[in-house]
Structure formats: C-alpha cells, structure tokens
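Read-outs throughout are calculated quantities, based only on the coordinates presented, and are distinct from any laboratory measurement. Just so we're clear, the structure is a prediction, and the values are computed from it rather than from any experiment. Cβ: placed from backbone, ideal geometry, glycine included. Neighbour counts: every protein chain shown.
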Amino acid sequence: MKGVTVIDHPLVQHKLTIMRDKNTSTAGFRRLLREISLLLGYEVTRDLQLTTTTIETPIEEMEAPVLEGKKLVFASVLRAGNGLLEGLLDLVPAARVAHIGLYRDHDTLEAIEYFFKAPSDLADRLVIVVDPMLATANSATAAIDRLKARGATNIRFLCLLAAPEGIARFTAAHPDVPVYTASIDRQLNEKGYIMPGVGDAGDRMYGTK
Ligand code: URA
C-alpha cells in the first residue's frame, strides 16, 4: 500500500476552514478551491524526477534542472474535479488533461461511464486523478479502474477531503495509488456525505441545487 498523505500546511488548513463554512459564497468557495489546489498541487508534485538541460543565462552557460519525462496528466472526475483542475493547470500549464464522466446506475449502483477522454499514451505518464471528495470512493475507484484499463500504471489521487470509509475502500481496491488530501474527516453520513465536510462540492462550486 502506498499510503495517505495529509497536507497540513497552515494555508491549506486556513482556506479549508473558510470553504467548510456554509456562509461562504459560491464565488468565495470557487476562488478558495482554486487557491488551495495550487498548494495541494505543490505537495503532490514534490518528488517529481528532474533531469538537466543546457541553457545560457545572460551571464554564462549552465546545466539547469527541468522535469524529466513526458508531461504529466491531470485526470478530472467530472464535474467537481474541474474545480481542482483549474488551479493545477495554473501550476503546471503544460500538463495534459483527461476527463472522466461517471454516473451511478440507480438499480445496480454501478458506476457507468458516460465520458472518457485522455491522452493515448497514459502508460508513459504520471496521472494525477483529481476529485475534491473521497467519500464512498465509488467514483474514484471506478475512474482509476478505467485509467488502468487504458494503460496507466503510475497514478496518484488528489482530493480536498476524505472519509475514513472512502480511504479504506480506495486503498483496498488500488493499493498502488497514493492518496493526497487536506483532511481526513470523521465519517460518512447515511446519504454518503462527508461529516463535517463541505457539503456537496459541485453544488458549492457552481451554485447549483
Ligand atoms: N460528494 C460531495 O460533494 N460531498 C460529500 O460530502 C460527499 C461526496
């Protein structure tokens, strides 16, 4: 098992508290999610491998560090994943993007794919899957099943909040995928919401409901 990293940076925790507050506006929630995704993105990319390239500064030639390998992929689990995606693309503008759309079948409760678009060479890239809420882990697990089916082997999962139940299910299904989160909250309620949580992240972000 690769484990779970809680990103306890003071700025992350401060911003998360404002996001949790039900009186925070849609615009405020969206702005904070974008800001926090920069800080989360910093941590999830902290150990990326570097190589060097020769450049000339105005003073002299030097061997300077650059990221090694192919551009990484951010895979957004629709729709709430897009809230994290925007800030991550500010941080890594050259990243490739995958979109994964899933809905839950009412009868079988299975995650059904309605949209999947990703770079064709997933096998050669680090894929960072983003979804703000790791609650039941149904969609996160299904999204990663699909990425693996298309060849991805080097995957990380980034969320804002996780429930202990979601972490247990996720790590049982994908022990090779490390999880990064700003907080592990207390538990899920009977409707599958994280407590204390932020509510429905998609609704908070887009002002729907
Ligand atoms: N999805 C959300 O948006 N919020 C939760 O609390 C759980 C799942």
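Rounded to the nearest 10 degrees, the inclination of helix 81-91 to the longest alpha-carbon principal axis of the chain is 20 degrees. Does the range 57-140 come out rounded, prolate or oblate, given a ≥ b ≥ c as the square roots of the eigenvalues of its C-alpha gyration tensor, rounded meaning a/c under 1.5 and, failing that, prolate meaning a/b above b/c? It comes out prolate by the Cα gyration axes.
Highest mean first, the peptides 20-27, 32-39 sorted by other C-beta atoms within 10 Å per residue fall in the order 32-39, 20-27. Straightening the chain between residue 38 and residue 187 buys 51.0 nm, computed as 0.36 nm per residue apart minus the Cα-Cα spacing. Extension gain, residue 27 to residue 86: 0.36 nm times the residue separation minus the Cα-Cα distance gives 19.8 nm. Modelled spin labels at residue 50 and residue 154, positioned 7 Å past Cα toward Cβ, are 1.7 nm from each other. Annotation: lysines with alpha-carbon distance below 17 angstrom to residue 209 (same-chain offsets under eight excluded): 22, 191. Axis angle, to the nearest 10 degrees, between helix 26-44 and the longest C-alpha principal axis of the chain: 50 degrees. Counting every alpha-carbon pair across the range 4-206, the share separated by more than 20 Å comes to 57%. Extension gain for residue 124 to residue 5 (0.36 nm times residue separation, less C-alpha to C-alpha distance): 40.4 nm.
Bridging of residue 117 to aspartates and glutamates at a Cα separation below 20 Å is possible for 86, 131, 145, once same-chain residues fewer than 8 apart are set aside. Select from the range 38-136 those GluC sites (Glu not before Pro) which occupy a DSSP coil region and have at most 14 other Cβ atoms within 10 Å, ordered by residue number. Of the GluC sites (Glu not before Pro), the ones in loops of the range 38-136 whose Cβ has at most 14 other Cβ atoms within 10 Å are 60, 68, 110. Site pair residue 115 and residue 97 shows an inter-label distance of 1.0 nm when each label is modelled 7 Å from Cα along Cα→Cβ. Under 26 Å of direct C-alpha separation, and excluding same-chain neighbours fewer than eight residues apart, residue 2 reaches these lysines: 70, 71, 148. In the chain, a dipole from Cβ-located charges (positive for Lys and Arg, negative for Asp and Glu) runs towards its positive end, and of 91, 28, 74 it is 28 whose Cα lies farthest in that direction.
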